[in-house]
Amino acid sequence: MSHKRVTKRKAIIAVGGVAALGAAAILLPQANASQDGGSNDAAAVKTLKAGDASDLAAQLEKLLGEAFAGSYYDSEGQQLVVNVINVEGDDINIDGDENQVIVQAKKAGAKIRQVDNSTDELEAAAATLKKEATIPGTAWGVDPKTNKILVTADSTVTGNKWDQLESTVQSLGSNMATIQKSAGTLSTKVSGGDAIFGGGARCSLGFNVTAGDGSPAFLTAGHCGVAAEQWSDSEDGQPIATVDQAVFPGEGDFALVKYDDPNTEAPSEVNVGQQTVAISQAAEATVGTQVFRMGSTTGLNDGTVLALDATVNYPEGTVTGLIQTDVCAEPGDSGGSLFTQDGQAIGLTSGGSGDCTVGGETFFQPVTTALEATGATLGDGGGVGADDGVGGEEAGAGAVDENGDGIDDNTGEAIQGGGDAGAGAVDENGDGIDDNTGEAIQGGGDAGAGAVDENGDGIDDNTGEAIQGGEEAGNGAEDQNGAEEQNNEGLEGGSGVNESH
């Protein structure tokens, strides 16, 4: 199974073995990335974990405005690469005199790359494809690595259909889109078998969540939710959960399914057979990030995010707003969880082409969109996970941000939580209190900002009081503005990767 969820009466789905041991081995904890400083490009660019890169990308998208043209994660260099374009009235040069916004983006730790196609131009190209080439068996999404639209056509797109698709792509211009052929057939991944069953179909549970009314529930694929109203843990078993909301096709592929037993315990974790990954929060996907998929048919597999905001034209209809990856999937994996090594929920398996023998493309529903649409919450409600420190330096302690742009006025670096968590605040002494207003900064003093804990016992060395998050989120830390190393055991704090016992 992909998730542990236990009622007072019985286990809903028994733990099964996972064949994908190669992918499981990759989940073993790795050391935290370091922070580099220095001159432009290589020396100035920070090395970041994927989750931190995603947070920084979101902040810089707001900071750069119209100049922002997408971003991606360079997993080999552990760097965030941000695309920028020239904006009318602004002189944005990578090597010469630079717009101050670009300077701030560089100081924040991103690698800046000048490109030709703006976000608006790419969106316009996608709109043209939707109007002129909505053909079953085709898909497209934005690939920030190439700064183009990546168009995929499966084996059914031939003859006049191929000619129509090819001519539409050519009409966009030579530098706007590329086409790739897929040997398989694009389809939703539903089939008969053993896992969660409904209406003769088999799917996979994505993530356990809490519904808006406080009841236990889970997310799965929307095409599963519209296939059957009730779902059981065995092919001939009694229903254990009922569909509350489902979207497919259209603007997404997700369903919220509530457990019939209100006493069901639905922990926020993914059991991958060899290890248990605690899911702390939902996060946006970043192109280039390594991700893991758990499904009831093929178990654990890993791959990379290839494109965002993808449109897929399934035989059942068009679905928009998906994540494109090279992670394999097979029938029965529908609805299964896509997540990162450090326990961030990214997506729900929608469909794709190929299988786990020859490979292929797979598309996922973003979890963040599904949560927002259904009103459900996951993990700690979607907040920043523990490995960002407890209100520490990365949550704005000691930062000066008088203009509210989310960038520290002194260092030029992005403040975690940016404009939404203390933007405009001045906190030169790091006590978590705005020096101007006297009010607590979100993520500030109430979460341990300004604390000194050199022995890692969770007690402020100056005040003798417990730091919020204390030993569990600051053990072993020597960060005077809050804990960043979460323990002494050589594990990434908050990674959620533990051995199963």
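Values quoted throughout were computed directly from the atomic coordinates according to the rules given, and no laboratory measurement underlies them. The model shown is predicted, which means the values in this text are computed figures rather than measured ones. Note that we place each Cβ from the backbone using ideal geometry, even for glycine, and neighbour counts take in every protein chain shown.
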Rounded, prolate or oblate, given the Cα gyration tensor of segment 224-277, with a/c below 1.5 counting as rounded? oblate
Ranking of ARG293, ARG202 by count of other Cβ atoms within 10 Å, fewest first: ARG202, ARG293
Let me make sure I get this right: for segment 135-181, a, b and c are the square roots of the gyration tensor eigenvalues over alpha carbons, sorted descending. Under 1.5 in a/c it's rounded, otherwise prolate if a/b > b/c, else oblate. Which is it? oblate
Could you line up SER334, SER268, SER296 from fewest to most neighbouring Cβ atoms inside 10 Å? SER268, SER296, SER334
Quick calc: nm separation of the 7 Å Cα→Cβ label points for GLU229 and SER155 -> 3.8
Distant alpha-carbon pairs in segment 186-374 (separation over 19 angstrom), percent: 51
So, counting K/R as plus one and D/E as minus one, what does the shell of residues with Cβ under 14 Å around ALA255 add up to? -3
Given axes a ≥ b ≥ c from the Cα gyration tensor, I'd like to know whether segment 179-290 is rounded (a/c under 1.5), prolate (a/b larger than b/c) or oblate. oblate
Summing +1 for each Lys or Arg and -1 for each Asp or Glu, what net charge is found among the other residues whose Cβ lies under 14 Å from the Cβ of THR158? -1
Fewest Cβ neighbours within 10 Å first, please rank SER280, SER155 accordingly. SER155, SER280
